[in-house]
Structure formats: C-alpha cells, structure tokens
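The block underneath contains the structure these notes are about, expressed in structure tokens.
The values are calculated or read from the model by the stated rules, or taken from the named source; none is laboratory data. Bear in mind the structure is a predicted one, so any value in this text is a computation, not a measurement. Cβ: placed from backbone, ideal geometry, glycine included. Neighbour counts: every protein chain shown. What goes into the accessible areas is simple: the full protein's heavy atoms, side chains included, and nothing from ligands, DNA or RNA. Shrake-Rupley method; radii C 1.70, N 1.55, O 1.52, S 1.80 Å.
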Amino acid sequence: MLIFKDTKFIKSPFDSEAELEQVIVDNYEYLFGPDSFYLPKTMIKTADGAGTIPDGFAIDLGAKQWYIVEAELGHHDVWRHIAQQVSKQIVASSQPSTKQKLEDISAQMYLDDEYTKEKFSSLGIESVDVRKVIREILKGDPIIGIPIDIIPNDLKDWARQQRLKVKLWIVSKFVQLNNNEN
C-alpha cells in the first residue's frame, strides 16, 4: 500500500500488456535516462526475413547507448514467449537494415518533435550531426530493456546467460482505495 496524506493506494494488476506498454511510453525518461528519446513500435526483420515488433526502442544520447524495449507481464511463459520473442528481436536488431531504419526514424523525430530536438541541442549536438551521432550509438550493442510487473526466476536466469546486457525493471500499478478510477 502507498499512502499519500489521507489517500491510500493499493497494488493492482495491469489490465493488459498494452496498458503496461503505455506506462513505459509515458515515463520512458525514468527508465532510460533524461537524455533519452523513445522510438515507437516498428517492424524489424532477421536476415532471412522473419519479422518481429519490439514494443519500442530508446536511445540515450547522454550515455551513448540504445535499448530494445519489450514490456511484459510476468505471467507470460518465459521459454515459449518472452525468451523466444526477445531472441528474435536481438537477431533482427543486429541487421544493417534495422539500424538504418532506426537512424531514419530518429532523424525524422528530430525534425518533427521539438522535445526530441531539445535533447540533442542540450547536449550540443548540431542538426548536421544528428545522423552521425545516432549511427555511432547504433554501432554499439543494444541493451535489452524489459519492464515487467513481476520477475520470474527463470527470466532472471535467462537474462544472466545473455551475451547482451539485459535490464529488468519491475513496474507496478496502484489504484486509489475505494476509487479505482484514480
């Protein structure tokens, strides 16, 4: 339970994975850093054309790293769902076509979104260097970011065995006691 002055909140399950995904989109800077920006879902493909759609990508300009984001509910099967899905995303993310696509989306976000543009500007990144900076970040390995409501033991064990860094965040939902709308 969380208590704020006279208001009490109790832990509540997410209604759906989509609800959890929206929480991540709305709060990405708390997970990926204040110098980050969030790219929406986009189809990426392995070398043989197997498609997959991560829940998003985050690029942290300050730390010069990027994330493949896959929000999950802890009751999903680790072996038949989460590990399988993320493994395909890892393979697809290493493809030159994926990196070019992410660079293109990032450059367009820079042009279209003032908030994203301000992140570049605050770090002294000129418009002429946007693609170059993004390209350099994407040359590095991604971090696999998995925001999840509970972390199963098998997921922790799977994450420790990966060549790439895997970050697991517990994200919880609380609703006001006697007022589920808040």
Residue in the stretch 34-42 that is within 27 Å of GLN161 (Cβ to Cβ), more than 14 Å from the chain's Cα centre (by Cα) and of a type outside the set (Ser, Thr, Tyr) present: no
Candidates ASP112, ASP104, ASP154, filtered to the one that is closer than 27 Å to LYS11 by Cβ and acidic (Asp, Glu): ASP154
Residue identified as part of a helix (DSSP H, G or I), small (Gly, Ala, Ser) and open to solvent by 60 Å² or more (accessible area, probe 1.4 Å) among SER106, SER87, SER97: SER97
Of residues in the stretch 116-131 being free of Cβ contacts under 8 Å to residues at least 12 places away in the same chain and either polar (S, T, N, Q) or assigned to a helix (DSSP H, G or I) (or both), the one most open to solvent (accessible area, probe 1.4 Å): VAL128
Residue check, LYS156 free of Cβ contacts under 8 Å to residues at least 24 places away in the same chain and in contact with a strand residue (DSSP E or B) (Cβ under 8 Å, 6 or more places away or on another chain): yes
Some residue of the stretch 132-140 being modelled with pLDDT of 95 or more and outside any helix (DSSP H, G or I): yes
Among residues of the stretch 12-39, those that are open to solvent by 30 Å² or more (accessible area, probe 1.4 Å), of a type in the set (Val, Ile, Thr) and either part of a loop (DSSP other than H, G, I, E, B) or closer than 14 Å to PRO54 by Cβ (or both), counted: 1
Odd one out for ILE146 among (1) out of contact with any Leu (no Cβ under 7 Å at 6 or more places or on another chain); (2) open to solvent by less than 30 Å² (accessible area, probe 1.4 Å): (1)
Criterion: in a helix (DSSP H, G or I) and open to solvent by less than 70 Å² (accessible area, probe 1.4 Å) - qualifying residue of TRP169, TRP158: TRP158
Hits in the stretch 40-57 (condition: farther than 12 Å from ILE68 by Cα and either outside any loop (DSSP other than H, G, I, E, B) or open to solvent by less than 70 Å² (accessible area, probe 1.4 Å) (or both)): LYS45, THR46, GLY49, ALA50, GLY51
Total residues in the stretch 60-84, condition of a type in the set (Lys, Arg) and either touching a residue at least 60 places away in the same chain (Cβ under 8 Å) or buried (at least 17 other Cβ atoms within 10 Å of the Cβ) (or both): 1
Residues (touching a Leu at 6+ places or on another chain (Cβ under 7 Å) and either under 19 Å from ALA47 (Cβ atoms) or of a type in the set (Lys, Arg) (or both)) located in the stretch 94-143: LYS99, LEU102, GLU103, LYS119, LEU138, ASP141, PRO142
